[in-house]
There are 4 protein chains.
Amino acid sequence: MNFARDNWAGATPEVMAALARANDGFAPAYGGDALTGRVKQLFAALFEREVEVWFTATGTASNSLGLAALSRPGGLIFCSSEAHIHVDEWGATEFQSGGMKLIPMPQADGKVSAADFATTLRRFPEGGRFGTPVALSLTNATECGTVYAPGEVAELAGMARERGLAVHMDGARFGNAVAALGASPAAATWQAGVDFLSFGGTKNGCWAAEAIVVFAPDKLGDLAARRQRAGQTLSKARFVAAQFEAYLTDGNWLRWAGHANLMAERLRAGLRASSRARLGWESTANEVFAVLSSESLGHIRAAGGSLHEWPVEALAAPLAEGEVLVRLVTSWATQADEVERFLSMV
Amino acid sequence: MNFARDNWAGATPEVMAALARANDGFAPAYGGDALTGRVKQLFAALFEREVEVWFTATGTASNSLGLAALSRPGGLIFCSSEAHIHVDEWGATEFQSGGMKLIPMPQADGKVSAADFATTLRRFPEGGRFGTPVALSLTNATECGTVYAPGEVAELAGMARERGLAVHMDGARFGNAVAALGASPAAATWQAGVDFLSFGGTKNGCWAAEAIVVFAPDKLGDLAARRQRAGQTLSKARFVAAQFEAYLTDGNWLRWAGHANLMAERLRAGLRASSRARLGWESTANEVFAVLSSESLGHIRAAGGSLHEWPVEALAAPLAEGEVLVRLVTSWATQADEVERFLSMV
Amino acid sequence: MNFARDNWAGATPEVMAALARANDGFAPAYGGDALTGRVKQLFAALFEREVEVWFTATGTASNSLGLAALSRPGGLIFCSSEAHIHVDEWGATEFQSGGMKLIPMPQADGKVSAADFATTLRRFPEGGRFGTPVALSLTNATECGTVYAPGEVAELAGMARERGLAVHMDGARFGNAVAALGASPAAATWQAGVDFLSFGGTKNGCWAAEAIVVFAPDKLGDLAARRQRAGQTLSKARFVAAQFEAYLTDGNWLRWAGHANLMAERLRAGLRASSRARLGWESTANEVFAVLSSESLGHIRAAGGSLHEWPVEALAAPLAEGEVLVRLVTSWATQADEVERFLSMV
Amino acid sequence: MNFARDNWAGATPEVMAALARANDGFAPAYGGDALTGRVKQLFAALFEREVEVWFTATGTASNSLGLAALSRPGGLIFCSSEAHIHVDEWGATEFQSGGMKLIPMPQADGKVSAADFATTLRRFPEGGRFGTPVALSLTNATECGTVYAPGEVAELAGMARERGLAVHMDGARFGNAVAALGASPAAATWQAGVDFLSFGGTKNGCWAAEAIVVFAPDKLGDLAARRQRAGQTLSKARFVAAQFEAYLTDGNWLRWAGHANLMAERLRAGLRASSRARLGWESTANEVFAVLSSESLGHIRAAGGSLHEWPVEALAAPLAEGEVLVRLVTSWATQADEVERFLSMV
């Protein structure tokens, strides 16, 4: 009953096989190898256009280096108050960017509304007291397991672009978002106004496969040099490339993410039907937020279940005495019988 | 005939096997897993004492984060004028440390002498015009393929410590140094006064396995937080741990490094005996610097040989017309017959 | 009718006279002169204890360098959502500190309550997801013209210290606060738990006289070096020292600040009594926030009055149609008849 | 006998008078005042073209902010090995620029030769191992009291521009250079290819008057925001403007600098003629480097003389036993009889 994090799972057999295939003889380092070249073509095909692809070691690296490439003194980045870049990355973007400021916006179930973004834009005019707006960062799937539809992204991105802001998408769980939406990767990103995407494979079946996918390279200055200086240029690049080769071949990534989403949906269905627990809020991707009794939680943990409590501030209504809010994360490796077992223990 | 870089080789079969073994079920992320714990014990055993071990994605990350943890405004770091941190990392240490300055020192065949270090220390008194000395950084094996003996490290480190400086060792090729020296890892590092070591596995048979090994944790502030903020905390830590497990088991790392050194020695022996080429200087580890005729170089490349030309400033005497200086790097994967073929083509 | 900013006023005659006196012959640069030495003694006498005093060029420099001296990776600084460091300094503290994050807290009329600070401390545990709390920063007098009493500072500072946080006071208008409180400078700062103070003279009768006054030098690392590196070490230090000599002699600073406060109080009294305008909220120091009709504002500006509109978000209740919120700032140079004229035009 | 530093002198009477004149009534802060506007016109007239002028508090601030505005990851700045930005500013440029690297070049008597710059440019190709060249920084007058003629600047700047580098001039003693050259400020700067100038008034008769004068504003990104974020925007800007008004009126600045140069020339003439001392090297501006006997130095200091010893590395030939190298700096305030007294004591 492993619902703690999607990165507690290992790598898929396909990824392991691709690594083994790639481990043949010598290949130029730092991305000059043929496999890295082929994988970049896979990305171009996936997004139906030319893209720049820069591998990194972690999602935090992708987010912070990409945003830092927009760096301006006094620069402001707008994001949800639950955004991973704001809440979980220990000031990575502030550091890499030489001190840009993240401006958290109100959110509901992880998503920022057009109305709240409009209010924020009015509060932060170009060259105002706070500084200069430079970017909007959206996470998809969000940190709350919800998903922005392409139209929602397009509305927010359109407002950002009108003000001259770049648009970033944190896609640590981009696969889960795309699998949930049924939209094309292109529709979910650049066609909706996204300038660059942190494309994450690690949480969805890879070992360590992350990339910054850039649709608007003219907006991001010296990204290659920033990556190099940050110690994010893996010398044996084919090791990342091999993972992405498996990831992007035959729609594997969507199959794995779809499985995770399905397992999450079964959890949600069970919790909706339960009289002893309930959903904290509705979600769509592979994160489920549930209100349990402390007692249930104790039983589950005693039985070896892994899952994390979640800050109750995220809930619209306060919990009753003896209730706890928990987060359940599914992955490519989640087994249906674990889900059943969990629900039976609730 | 692949002598371009040691990171053009892939991973050893042992590393691949360890990865496969580690890929079993769920494991806590961010280093909380059992395998990472066991590997830290392997490091402690290797160095015959308690150590802190922080995995990173690259050697540049290890060097720059470790040195940045010593950061002081106006801080100075002394290194060889050929040091990788100075010459090849695009200002990584300057960036991570908030602007510390690297002070390159004269070197001979990659090594700094005690006399030159003494002169430098006199030129840079504590609180002088330039700033405040904070660290000495040595590379072992050096960027020129030579090796510091434990006594040489101890002399330099002793001078540094007398002045209150921390001592860093860039061990991107630490395995090649230890294999060449026949000394214990402890003797080559903390017993000689080294405070922290960038311990590299990538160039010697791993995919991406680097660690900062800390002998004096009280000197390095907030290293874990720095690593996190830099996007260097790989979430599926067991993937790094598995590589190091294979690396450190049964002396594999020294066997692989020893093989690379042996192949380099055969190149050196052949070049010493050659009437049509010569060594640029004597080295001991897995890098060989040779003076060839441009004609030979052309033939070798035409036959598919990979190798890099090297800046001639490194040579004591100028080249003759039609000569070039090249670097040859061997690895765990270098075949003896490639060496023979190369020598025969010279 | 100059109510735009207190730094639209020039320097007092006493400051000009002190500059003229100090301009005699040669004196060591960078703070080694006798006058700077004497002025540091004046600071010690003023605060009734030993203090470190570091002159800077601006309040932004004092705030950001002092806070940066506490810098830790992932560090968090708590401040009011109206704090100058957050709202007006274009990321100075984020930049100087290498990316620390400011966490704005709710405030009422510029002041943070103990209850809100307690809630914030619970949300941000040591080593939590967001990072590591390192400091509390309070402004006195606040950006809203209100004043923290020593007991209020002591309560907040005590909570901060229990958590191991350093306590900073932004005293850009410290003179106005002390004059309003009638408390001793010692009581308002270190006796209440403040570790370091941005001590501002510029807004209160100097040309450019700012200092970081440090009560707990062991907490602030390398402040002198930070100041030097930031280009904040004025070479002809006696020019700053002379201003502070005039400032701190014969209680001049409190007389000037007291005058500014008195002029503000007359404005407040007149606005309280007015049927055509009202106070936005009650304040105590030299900033007055008033709700006027747009019509009045137009008349005043047409008559040469200088004053700024203020963001209405600061108000508890929304404005009526045709109303505006304005800020009025008085200084040592404000004339009583200007105040009368302003009130008569309202 | 004050020859320690030119910033041990105070401000000229003209500067004090201008400050008194400017201290009349209210004026907009942060540079919006009429006097600042007029002074910017004085700069435009001085340089015979439109310029951007940004006041700062110190020369270190001007240098580091200007160069930081060129910041690129992995960026390299070429300067003399004696350059103040490299030797005396505690990593200010490295810090402000987020870690750019200064590359010191060989120099003779403070000046870089075209041949040495050419060699350096070859060693550091665009995108090479070290990083990316972004700027050439020249000091005029140099740190060794010598002066670049416009033709010399033009030759170096031309080579820089061919490679796409920006050209900075550190003009902490620009007045001394222009007075010595007899060239126009325009000829000495932008007409010779200089893109921006750190224009110093402090060492030449002001209290604290420094400015970044920008000839190529399109090359320097967001300089105003950088200055603000660095706490270098003095709120009562008219206080700086007043100093520059006096400085630039009636050729005062060149008169003051000319006097300093003349006093230095008398020192040089006396030393050239002396049998008991000699010049370390020939200089032209207001810094004189002399070889004295330790005995003479002792006498002079015993008689109250202020002067600094200088690192002997700057000399072509080693000193004899009992000799010392000293630096003598003259200023607007140096008296002819002090010079005579000094020479008589040698």
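Looking across segment D:296-314, the residues that are surrounded by fewer than 17 Cβ atoms within 10 Å (Cβ to Cβ) and either more than 23 Å from D:Arg173 (Cβ to Cβ) or touching a Leu at 6+ places or on another chain (Cβ under 6 Å) (or both) come down to D:Gly298, D:His299, D:Arg301, D:Ala302, D:Ala303, D:Gly304, D:Val312.
With respect to being touching a Leu at 6+ places or on another chain (Cβ under 6 Å) and among the aliphatic types (A, V, I, L, M), A:Ala4 fits the description.
Within segment A:230-264, the residues that satisfy the criterion of being among the aromatic types (Phe, Trp, Tyr) and under 18 Å from the mean Cα position of the chain (by Cα) are A:Phe244, A:Tyr247, A:Trp253, A:Trp256.
Screening D:Pro13, D:Pro28 for residues that are facing chain C (nearest Cβ under 8 Å) and surrounded by fewer than 24 Cβ atoms within 10 Å (Cβ to Cβ) leaves exactly one candidate, D:Pro28. Just wondering, is there one or more residues in segment A:289-306 that are on the phi > 0 side of the Ramachandran plot and either in contact with a Cys (Cβ under 6 Å, 6 or more places away or on another chain) or in contact (Cβ under 8 Å) with a residue 60 or more places away in the chain (or both)? Yes: segment A:289-306 contains one or more residues that are on the phi > 0 side of the Ramachandran plot and either in contact with a Cys (Cβ under 6 Å, 6 or more places away or on another chain) or in contact (Cβ under 8 Å) with a residue 60 or more places away in the chain (or both).
Given the options B:Ala154, B:Ala179, B:Ala160, B:Ala186, name the one that is touching a strand residue (DSSP E or B) at 6+ places or on another chain (Cβ under 6 Å) and in a helix (DSSP H, G or I).
Working: B:Ala154 fails: touching a strand residue (DSSP E or B) at 6+ places or on another chain (Cβ under 6 Å); B:Ala179 fails: touching a strand residue (DSSP E or B) at 6+ places or on another chain (Cβ under 6 Å); B:Ala186 fails: touching a strand residue (DSSP E or B) at 6+ places or on another chain (Cβ under 6 Å).
Result: B:Ala160 is the single residue among B:Ala154, B:Ala179, B:Ala160, B:Ala186 that is touching a strand residue (DSSP E or B) at 6+ places or on another chain (Cβ under 6 Å) and in a helix (DSSP H, G or I).
Scanning segment D:86-131 for residues that are away from chain B (no Cβ under 11 Å) and among the aliphatic types (A, V, I, L, M) returns D:Met105, D:Ala108, D:Val112, D:Ala114, D:Ala115, D:Ala118, D:Leu121.
Do we have D:Arg72 as of a type in the set (Lys, Arg) and within 30 Å of D:Arg301 (Cβ to Cβ) here?
For D:Arg72, the condition - of a type in the set (Lys, Arg) and within 30 Å of D:Arg301 (Cβ to Cβ) - is not met.
Figure legend. Inter-residue proximity from segment C:140-164: first residues over 17 Å from C:Glu82 (Cα atoms), second residues surrounded by fewer than 18 Cβ atoms within 10 Å (Cβ to Cβ) and of a type outside the set (Ser, Thr, Tyr), beta-carbon distance below 6 Å, spacing 6+ or different chains. Indicated pairs: C:Glu155/C:Ala114. Looking at D:Ala303, D:Ala314, D:Ala333, just one residue is of a type in the set (Gly, Ala, Ser) and within 21 Å of D:Glu82 (Cβ to Cβ), and that residue is D:Ala314.
Of the listed requirements (1) under 28 Å from C:Ala290 (Cα atoms); (2) without any contact (Cβ under 8 Å) to a residue 12 or more places away in the chain, C:Thr119 misses just one: (1).
Report whether or not A:Ala20 is out of contact with any His (no Cβ under 9 Å at 6 or more places or on another chain), surrounded by fewer than 22 Cβ atoms within 10 Å (Cβ to Cβ), at the interface with chain B (Cβ under 9 Å from one of its Cβ atoms) and over 30 Å from A:Thr132 (Cβ atoms).
On the way: out of contact with any His (no Cβ under 9 Å at 6 or more places or on another chain): yes; surrounded by fewer than 22 Cβ atoms within 10 Å (Cβ to Cβ): yes; at the interface with chain B (Cβ under 9 Å from one of its Cβ atoms): yes; over 30 Å from A:Thr132 (Cβ atoms): yes.
The answer is yes for A:Ala20.
Quick one: would you say A:Phe117 is assigned by TED's automatic domain parsing to the domain that holds A:Ile77, surrounded by fewer than 24 Cβ atoms within 10 Å (Cβ to Cβ) and either assigned to a loop (DSSP other than H, G, I, E, B) or within 15 Å of the chain's Cα centre (by Cα) (or both)? The answer is no for A:Phe117.
For segment C:132-151, a residue qualifies if it is among the polar types (S, T, N, Q), away from chain A (no Cβ under 14 Å) and assigned to a strand (DSSP E or B), and the qualifying residues are C:Ser137, C:Thr139. Inspect segment B:76-84 for any residue being under 30 Å from B:Leu248 (Cβ atoms), among the hydroxyl-bearing types (Ser, Thr, Tyr), free of Cβ contacts under 8 Å to residues at least 40 places away in the same chain and assigned by TED's automatic domain parsing to the domain that holds B:Ser184 and give the result as yes or no. Looking through segment B:76-84, none of the residues is under 30 Å from B:Leu248 (Cβ atoms), among the hydroxyl-bearing types (Ser, Thr, Tyr), free of Cβ contacts under 8 Å to residues at least 40 places away in the same chain and assigned by TED's automatic domain parsing to the domain that holds B:Ser184.
State the number of residues belonging to segment D:47-85 that are away from chain C (no Cβ under 14 Å) and over 24 Å from C:Ala92 (Cβ atoms). So the answer is 13.
The values are calculated or read from the model by the stated rules, or taken from the named source; none is laboratory data. Because the structure is predicted, anything quoted here is derived from the model rather than measured. Neighbour counts are summed over all protein chains in view; Cβ atoms, including those assigned to glycine, are modelled from backbone coordinates with ideal geometry.
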